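What follows is a set of notes on a single structure, which appears directly below.
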Amino acid sequence: MPSIFTKIIAGEIPGEFVFRDNLWVAILDITPVSPGHALLIPTVEAQYLADVPGPAMAVLGDRLARLMAAVRSASGASDVCVLLKDGPAAGQVVPHVHIHVFPRFPGDNKHLGWPAAPYADGDLKVWAAKVRSAWR
């Protein structure tokens, strides 16, 4: 079943497009963290970023940088937050890759904190070795 984003891209559901090309689209989020909150979405439906086809991945940096600049300029914000929830355990609700870009202002109290703690003695090196080993 097509995702809501696939339906918006196909024109079956309305969306406010910031831009669109054959690989990526950007639309405004209908429940924004702050005005100007946009979503960068690949035109090919994929749940995980690693599953987005190579040609789209090759231009991701350009599209993301341009969207970040547009959100900054339109909102007057000096900073933006870029957020990707890559899969359901990460909080992804729509099973279609989408990168949030929203304006941030000093004192806006829109923090995305999580409980963090330093590694136990020796665990930093253990985890670094595990991740290096998994690197492809």
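The values are calculated or read from the model by the stated rules, or taken from the named source; none is laboratory data. What you are looking at is a predicted structure, and each value in this text was computed from that prediction instead of being measured. In this analysis, Cβ positions are derived from the backbone assuming ideal geometry, glycine residues included, and neighbour counts consider all displayed protein chains. Heavy atoms of the whole protein, side chains included, go into the accessibility calculation; ligands, DNA and RNA do not. Shrake-Rupley method; radii C 1.70, N 1.55, O 1.52, S 1.80 Å.
Charging the Cβ of each Asp and Glu at -1 and of each Lys and Arg at +1, and nothing else, the dipole of the chain about its Cα centre rounds to 280 debye.
Helix-derived [θ] at 222 nm for the chain: sum -39500 (n - 2.57) over DSSP H runs of at least 4, divide by residue count, nearest 500? Taken over the chain, the calculation gives -8500 deg cm²/dmol.
Computed from Cα positions, the angle between helix 60-75 and the longest principal axis of the chain comes to roughly 70 degrees.
The fraction of accessible area contributed by carbon and sulfur in the chain is 62 percent, rounded to a whole number (1.4 Å probe; ligands and nucleic acids excluded).
Of the residues ALA69, ALA90, ALA116, which exhibits the maximal mean-square fluctuation in a Gaussian network model of the chain defined by a 10 Å Cα contact cut-off? The residue that fluctuates most here is ALA116.
In the context of the full set of protein chains, segment 2-136 has a per residue accessible area of 64 Å² (1.4 Å probe). For VAL59, VAL18, the ranking by accessible surface with the largest value first comes to VAL18, VAL59, using a 1.4 Å probe.
For LYS110, the lysines whose Cα falls under 27 Å of its own Cα, not counting residues fewer than eight places away in the same chain, are LYS85.
When ILE9, ILE41 are compared by accessible area at a 1.4 angstrom probe, the order from most to least is ILE9, ILE41. So what's the angle, to the nearest 10 degrees on a 0 to 90 scale, between helix 123-134 and the longest Cα principal axis of the chain? Approximately 60 degrees, to the nearest ten.
Both radii are taken from the alpha-carbon atoms of segment 13-105; with Rh as the Kirkwood radius, Rg/Rh is 0.94. Using the Cβ of LEU23 as centre and a radius below 15 Å, the other residues enclosed give a net charge of -1, where K and R count +1 and D and E count -1. The distance linking segment 54-125 with segment 1-42 is 16 Å (Cα centroid to Cα centroid, whole angstrom). Residues ASP79, ASP108, ordered by accessible area of protein heavy atoms at a 1.4 angstrom probe radius and largest first, appear as ASP79, ASP108.
For VAL80, the amide hydrogen comes within under 5 Å of the amide hydrogens of ARG104, counting only partners 5 or more places away or on other chains and with H modelled in the peptide plane.
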